[in-house]
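Peer 1: Handing you a structure now.
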Amino acid sequence: MFRVGVLASGRGSNLEALLRWQAAGALGAEVVLVLCNRAGAVALDVAARCGVEAAVCTQAKGQDRESAQMELSARFDDRGVQLVVTAGYDRVLAPAFVRRWQGRAMNVHPSLLPAFGKSLHAQAEALQHGVKVAGCTVHFITEDVDGGPIIAQAAVPVLPDDDVATLSARILEQEHRLLPEAVRAFALGRLHVAGHKVSYAGG
Ligand code: GRF
């Protein structure tokens, strides 16, 4: 089975979506390791509930981000991970990590990139900007934060009475479909990258 490693920091609802698809036999892949940079993150409970190996890996005092993240990379290597998914991971990945996982790491971002990238508050920025359509993007991770080749996007309307909570919930519902679909497509070898363009060989 194709092996996936997940990086998470918080609530873990995207991790949960992946594990739901996995349990239903629809992911075409198995999440074999979840690494979390925050002790107490709900994502750890999600992993435990689903019987998936998980660990907290924090950056040691005095340690730089790159060496801390290369330890994460080594742990994924040890578990035979073939794809790394950042699902609500709140750190920027260091260049060495990105190079190591080039073409084999994907992220889900709650905006229609390239709008509102490089932000942990993309939904609030979308509302502030007054956009009428928002959404989410799954993309390959490159050193250009939130700028890598786009795998899939889903749009949702912005409604007149929306606040950050209502818009985020509407977007999140799409993330929970889009991310597992993208992982499945990758695991089945259906994604082809040419320059900045990703195409999907259906089937
Ligand atoms: C999601 O909206 C994701 O796009 C963003 O952070 C949020 C994480 O949610 N990067 P969760 O931890 O998966 O519930």
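Each reported figure results from applying straightforward, stated rules to the coordinates on display, with no laboratory input. None of these values were measured; they are calculated from a predicted model. Cβ coordinates were reconstructed from backbone atoms using ideal geometry, including for glycine residues, and neighbour counts include every protein chain displayed.
Peer 1: Restricting attention to the stretch 127-157, and to residues there that are small (Gly, Ala, Ser) and not in a loop (DSSP other than H, G, I, E, B), which single residue is surrounded by the fewest Cβ atoms within 10 Å (Cβ to Cβ)?
Peer 2: 155
Peer 1: For residues in the stretch 8-27 being assigned to a loop (DSSP other than H, G, I, E, B) and away from the ligand (no atom under 12 Å from the Cβ), which is surrounded by the most Cβ atoms within 10 Å (Cβ to Cβ)?
Peer 2: Applying the filter and picking the extreme gives 27.
Peer 1: Identify, please: which residue in the stretch 76-91 is closer than 18 Å to residue 11 by Cα and assigned to a loop (DSSP other than H, G, I, E, B) and is, among those, farthest from the ligand (Cβ to nearest atom)?
Peer 2: For the stretch 76-91, the residue satisfying everything is 91.
Peer 1: Sticking with this structure for a sec: Looking at the stretch 184-203, I want the residues that are at positive phi and have a partner that is surrounded by 10 or more Cβ atoms within 10 Å (Cβ to Cβ) and among the charged types (D, E, K, R) with Cβ atoms under 9 Å, at least 6 apart or on another chain. Which pairs are those?
Peer 2: 203/190
Peer 1: Further question: Tell me the residue from 42, 32, 85 that is without any contact (Cβ under 8 Å) to a residue 40 or more places away in the chain, β-branched (Val, Ile, Thr) and closer than 24 Å to residue 181 by Cα, please.
Peer 2: After ruling out the rest, the residue left standing is 42.
Peer 1: Taking the stretch 93-118, which residues are surrounded by fewer than 16 Cβ atoms within 10 Å (Cβ to Cβ) and within 13 Å of the ligand (Cβ to nearest atom)?
Peer 2: Passing the criteria: only 118.
Peer 1: Looking only at the stretch 71-79, decide whether some residue is in contact with a strand residue (DSSP E or B) (Cβ under 9 Å, 6 or more places away or on another chain) and closer than 24 Å to residue 120 by Cα.
Peer 2: Scanning the stretch 71-79, I find at least one residue that is in contact with a strand residue (DSSP E or B) (Cβ under 9 Å, 6 or more places away or on another chain) and closer than 24 Å to residue 120 by Cα, so the answer is yes.
Peer 1: Just to verify a result, which residue in the stretch 139-156, among those that are over 21 Å from residue 13 (Cβ atoms) and touching a strand residue (DSSP E or B) at 6+ places or on another chain (Cβ under 6 Å), is farthest from the ligand (Cβ to nearest atom)?
Peer 2: Among those residues, the one meeting the criterion is 149.
Peer 1: Those residues that are assigned to a loop (DSSP other than H, G, I, E, B) and touching a Lys or Arg at 6+ places or on another chain (Cβ under 9 Å), I need them from the stretch 158-203; list them, please.
Peer 2: Passing the criteria: 158, 159, 162, 190, 201, 202, 203.
Peer 1: Of all residues in the stretch 28-45, which are more than 8 Å from the ligand (Cβ to nearest atom), over 21 Å from residue 60 (Cα atoms) and surrounded by fewer than 23 Cβ atoms within 10 Å (Cβ to Cβ)?
Peer 2: 28, 29, 30, 32, 45, listed by residue number.
Each row is one residue, and each column tells you yes or no for (1) of a type outside the set (Lys, Arg); (2) within 28 Å of residue 194 (Cα to Cα); (3) under 14 Å from the mean Cα position of the chain (by Cα).
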{"residue": "80", "(1), (2), (3)": "yes, yes, no"}
{"residue": "91", "(1), (2), (3)": "no, yes, yes"}
{"residue": "109", "(1), (2), (3)": "yes, yes, yes"}
{"residue": "121", "(1), (2), (3)": "yes, no, no"}
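Peer 1: What residue, of 103, 148, 130, 117, is within 16 Å of the chain's Cα centre (by Cα) and at positive phi?
Peer 2: Sole residue among the options that is within 16 Å of the chain's Cα centre (by Cα) and at positive phi: 103.
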